[in-house]
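Scroll down for the structure; my scribbles are underneath it.
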Amino acid sequence: MAKKYHQLTVKEALAVLASTSSGLTPIEVNKRLTKFGSNTLNTQKNASLLEKFFNQFKNLMIIILLIAAIIALFAGDLSDAIIIFLVVILNAVFGVFQEAKAENAINALKKMTTTTSRVKRAGKIMIIKSADLVPGDIVLLEAGEIIPADLRLLKTNNLKIEEAALTGESVPVEKSAAVLTASELPLGDRHNLAYMNTNVTYGTAEGVVIAIGMQTEVGKIATMLNKAESATTPLQKNITHLSKLLSILILVIAALVFIIGIALHRSSVLNMLLTSISLAVAAIPEGLPAIVTITLALGTQVMAKKKALIRKLPAVESLGATQIIASDKTGTLTQNKMSVEKIYRNLKLSTVATYSTNLNDPLVQAMVLANDSQQTEQGLSGDPTETALIQFALDQNLNVAKLKQDFSRQASIPFDSERKLMSAVTNIPNSTKKQLFTKGALDELLQRSSKILDNNQVRELTIADKKTILAANRQLATQALRVLAFAYAPFNQPATTDISSQSAERDLIFIGMVGMIDPQRPEVKQAIAEAKSAGIRTLMITGDHRDTATAIAQRLEIIQPADQAGVITGHELDQLPTAELEKQIEQWSVYARVAPEHKVKIVKAWQKKGKIVAMTGDGVNDAPALKTADIGVGMGITGTEVAKNASDIILSDDNFATIIAAVREGRRVFANIQKSLQYLLSANLGEVLTLFLMTMLGWDIFAPAQILWINLVTDTFPAIALGVEKAEADIMKRTPRGSKATFFSDGVMSSILYQGLLEGGLTLGVYWLALTFPFHHSSSLIHADALTMAFATLGLIQLLHAFNSKSLHGTIFTSKLFNNRTFNWSIILASVLMFATILIPAFNDTFKVTGLAWQQWLVVLIGGSLMLVIVELVKLIQRILKK
């Protein structure tokens, strides 16, 4: 019986997999990719276009409509049957279009969040897509990463892996490369194996891939489930639930229309049946969930272009409601690189912009030569503080390479945390002498300095000088600048590698200091201001010292210049009982010297205040806070895979401004769904009221073909187009809607009701006007003309009302009325389809309409336009009352 992988030694495992510790060659990788396929978990295949088309006919209302068409066909009403069949087919085509559009957007979203792995191939370390891993690949692991495939561990260094997703064991498991002898071991006890989709929480390791994709342990579970991940969001569920409730209500009304119509002998049983079914089919907003899906999915693609990758669709819903953004400082609010900002030389403080220098400047020489960073083709590499010093020299257009060549290094004394200094011994050009350059903490440097370079003259360092220098140091520290001091001295010892600090770093000549800072991202201050105008409060959470955090927060205007009370440290947080923290949480905007565990406390405290919180994070320990927050925001560049996996959104540029751009997009998506919802439901309410009141008043009622046609052409195109409306100019000046808000908040429900009533009232008004004041010379056509005018009016009302719906409260009479090309074309297409039934005589009989005289068209135009005018007047009054 063959041994299992956990029973094999490292050498045996590599031999079985025909691999080596240097990894596979490119040729072998290509062979194995062909043989084993992609390292992905299978999901259900997408249905074909034909399957999608036939799936549209599984809808109960469509089935009822087909039965109605068959009844009409056998009853000899050929025109109604043809129209019903046509509407059903077109509805199916639009359904396929909507489904495919949403599916494509969601698939594109999945591709954007592809994970990567570090592997060793042919002795070279490279980063590849995890999907391209093959058995035998050597994978390198470190804390914060997701295991990309099943591995036999080859080397481990304090490795711990959290396997709860697979074994249910919540405590991270310690791993090693040691052989296990027992054949049958539970998954959780196979300590020399690592499994796909589990998390590295500590340490580093190297492992060889033993299984990929569906052959992994998690793949076997996926096979048993054989179920694709659902993309249904809470919002879609709510909309579907709403559609079902409306369907029941509309079916009751349709039944009433049928019963009353028969009881009052309004029409034949067959015609009333067809009319009632058509009313139900037309009025039920069955396309609403699909429109919501498309709007959400397309919104994620727009956000992706703006560097925000949405991993979970519900995050789009939450974004627009965000009230608190708790952001890391380093790399998100700042650039995550040190930069020289102030220069102290000749006992004077100056800015970088006003400091003039050259290669003969001893301060520049010390900055460049007492420095271990390197210039490479990819840029500067090394400690951020040291690279900042070199960058300063490069920014002054100085030849750094020449300076290093002229002052070639002979020896060095490395930095250590006790003495807080670093020194380099160099040659002096055109001389046999040598010189020592030292940089480090000011207090240590001053203790070892006996002289000062003042205006290029060396003199004794006095007590007064020291006081002046220390005062300047304090001034720089209050500006959150990291201070480095520099000195030099003649070096008279033999240049060996074992020179000591005690003998070399003494009797130094003090040159000066530089103040450095991790500068803020240039766009962040404006983004914070925009967030503030949108009613969103920005918090800064950092591990930095209080003074540094305060200074950066003041620069970014997170807190006011004189505000010290708005800052709290992690130690102070620990002293506060949870109840007290929740009570006082609103007084702080800056949290300094905090540990990752403090983040969860901060998020929960704000949530207790009823706030919707977005939290940024990049480390393994940030994962709990990212999951606790309403919106977890992971860092795409510096973030660990664990942090990304716990996030709802990943910033591909690690930039705070990107969060604000995503919030703006989230608000746009929410507003557009509101617009589509208001438009569809008010239009459907108008249709229902019109037909119901026509029946009650004993008037002629719309034919089934007319009802279905109005619904098809005026609902489908404009509703989809409203979903891709551009953001309104004031969208980031509105306060967040809050956690209790729904799509019917902000006056949407009342607008649906009054606009639906208005649509029905105007349509019936035109019908009554046409009966009372006939515009046609033939009295026999009075009722036919009146019904045609009502049909045209209802269609025109809905098309014009689409313009009303472009803004829930703002006026549409702006220069941006036609800024949505999709919307413009949808209105044109819908108008052509709607009015071709009347204007083209060949269609008149099919749709049971008559040709209209110009006077009748004028009435229709006035009736339809009144919808536009009245709604705009109501919105104007609402705006005035709001002020």
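Within 10 Å of each residue's Cβ, count the other Cβ atoms and sort THR616, THR735, THR426 from fewest upward.
Numbers: THR616 31, THR735 10, THR426 24.
Least to most surrounded, the residues fall as THR735, THR426, THR616.
Along the charge dipole of region 339-517, which of TYR344, ASN399, SER503 sits closest to the positive end, that is, farthest toward it, with unit charges on the beta carbon of Lys, Arg, Asp and Glu (+1, +1, -1, -1)?
TYR344
Give me the one-decimal Kirkwood hydrodynamic radius in Å for region 630-758, with the sum taken over alpha-carbon pairs.
Across region 630-758, the inverse of the average 1/r is 18.0 Å.
For region 294-339, rounded, prolate or oblate, judged on the Cα gyration tensor with a ≥ b ≥ c (square roots of eigenvalues), a/c < 1.5 rounded, else prolate if a/b > b/c?
It comes out oblate by the Cα gyration axes.
Using only Cα atoms, locate the centre of region 847-880 and the centre of region 502-533, then give the distance between them in Å, rounded to an integer.
Here the answer is 65 Å between Cα centres.
Need one number: convex hull volume per residue for region 824-883, Cα atoms only, in Å³. Before the final figure, lay out each step's value.
On the way: hull volume 6.4 nm³, N = 60.
For region 824-883, the hull spanned by Cα atoms encloses 107 Å³ per residue.
Please rank THR468, THR716, fewest neighbouring Cβ atoms within 10 Å first, as an exposure proxy.
Taking fewest neighbouring Cβ atoms as first place, the list is THR468, THR716.
Could you work out how far helix 524-533 tilts from the main Cα principal axis of the chain, as a 0 to 90 degree angle to the nearest 10?
Between the helix axis and the principal axis of the chain, the angle is about 40 degrees.
In what sequence, highest mean first, do 412-423, 476-487 appear when ranked by Cβ atoms within 10 angstrom?
Going by the mean number of other Cβ atoms within 10 Å, highest first, we get 476-487, 412-423.
Which length gain, in nm to one decimal place, applies between TRP854 and ALA178 when the Cα-Cα distance is subtracted from 0.36 nm times their residue separation?
234.1 nm
Taking a quarter of the surface of the Cα convex hull of region 750-855, what do you get in nm²?
8.1
Inverting the mean 1/r over all pairs of different Cα atoms, compute the Kirkwood radius of region 524-592 and quote it in Å.
Evaluated on region 524-592, it is 12.5 Å.
Compute the separation of the alpha-carbon centres of region 613-679 and region 686-733 and state it in Å as a whole number.
Rounded to whole Å, the Cα centres lie 36 Å apart.
Run through every distinct alpha carbon pair of region 339-517 and return the Kirkwood hydrodynamic radius in angstroms, one decimal place.
Evaluated on region 339-517, it is 16.3 Å.
Let me have the 222 nm mean residue ellipticity of the chain computed from DSSP H runs of 4+ only, each contributing -39500 (n - 2.57), with the sum over all residues rounded to the nearest 500.
-15500 deg cm²/dmol
Quick one: if you stick a label point 7 Å off each Cα along the C-beta vector at SER350 and GLU444, how many nm between them?
Output for this residue pair reads 2.9 nm.
Test of understanding: what is the full-extension gain from ILE27 to LYS124, defined as 0.36 nm times their sequence separation minus their Cα-Cα distance?
33.5 nm
Assign unit charges at the C-beta atoms only (+1 for Lys and Arg, -1 for Asp and Glu), then state the dipole size of the chain relative to its Cα centre in Debye, rounded to the nearest 20.
940
Using Cα atoms only, what is the angle between the long axis of helix 384-395 and the major principal axis of the chain, expressed in degrees (0 to 90) to the nearest 10?
90
Taking the Cα-to-Cβ direction at ALA401 and at VAL269 and moving 7 Å from each Cα, how far apart do the two end points lie in nm?
About 9.8 nm separates the two model spin labels.
Fewest first, what order do SER408, SER267 take by the number of other Cβ atoms within 10 Å?
Fewest-to-most ranking of SER408, SER267: SER408, SER267.
Total Lys pairs in region 339-517 closer than 15 Å by alpha-carbon, pairs eight or more apart in sequence or interchain only?
6
Volume per residue, Å³, of the convex hull around the alpha-carbon atoms of region 683-835?
Taking only Cα atoms, region 683-835 has a hull volume of 134 Å³ per residue.
Can you find, among ILE277, ASN358, LEU333, the residue farthest towards the positive end of the dipole of region 258-399? Put +1 on the C-beta of Lys and Arg, -1 on that of Asp and Glu.
Of the options given, the answer is ILE277.
Would you work out if the chain is rounded, prolate or oblate? Take a ≥ b ≥ c from the square roots of the eigenvalues of the alpha-carbon gyration tensor; rounded if a/c is under 1.5, else prolate when a/b is larger than b/c, oblate otherwise.
prolate
For THR578 and HIS545 in one chain, what is 0.36 nm times their gap in residues minus the Cα-Cα distance, to one decimal in nm?
Gain on stretching THR578 to HIS545: 9.6 nm.
I want the antiparallel fraction of DSSP beta bridges within the chain, as a percent rounded to 5.
Antiparallel bridges make up about 75 percent of those DSSP assigns within the chain.
Less than 12 Å from a label point 7 Å out along the Cα-to-Cβ axis of ARG879: which backbone N atoms in region 809-835 qualify, by residue?
809-815
Please give the helix 234-263 orientation as an angle from the longest Cα principal axis of the chain, in degrees from 0 to 90, rounded to the nearest 10.
It works out to around 0 degrees.
From a point 7 Å beyond the Cα of ASP746 in the direction of its Cβ, which residues of region 299-322 have a backbone N at a distance under 16 Å?
Residues 316-322 fall inside that zone.
For the peptides 148-160, 116-128, 371-383, 689-701, what is the packing order when you average, over each peptide's residues, the other Cβ atoms within 10 Å and list the highest mean first?
148-160, 689-701, 116-128, 371-383
Spin-label point model (7 Å from Cα, Cβ direction): what's the LYS467 to VAL869 distance in nm?
Those two pseudo-labels are separated by 8.5 nm.
None of the figures in this text is laboratory data; all of them are computed from the coordinates on show. In this text the structure is predicted, and so the values were computed from the model without any measurement. Please note: Cβ atoms are built from the backbone with ideal geometry, for glycine as well, and neighbour counts cover all protein chains shown.
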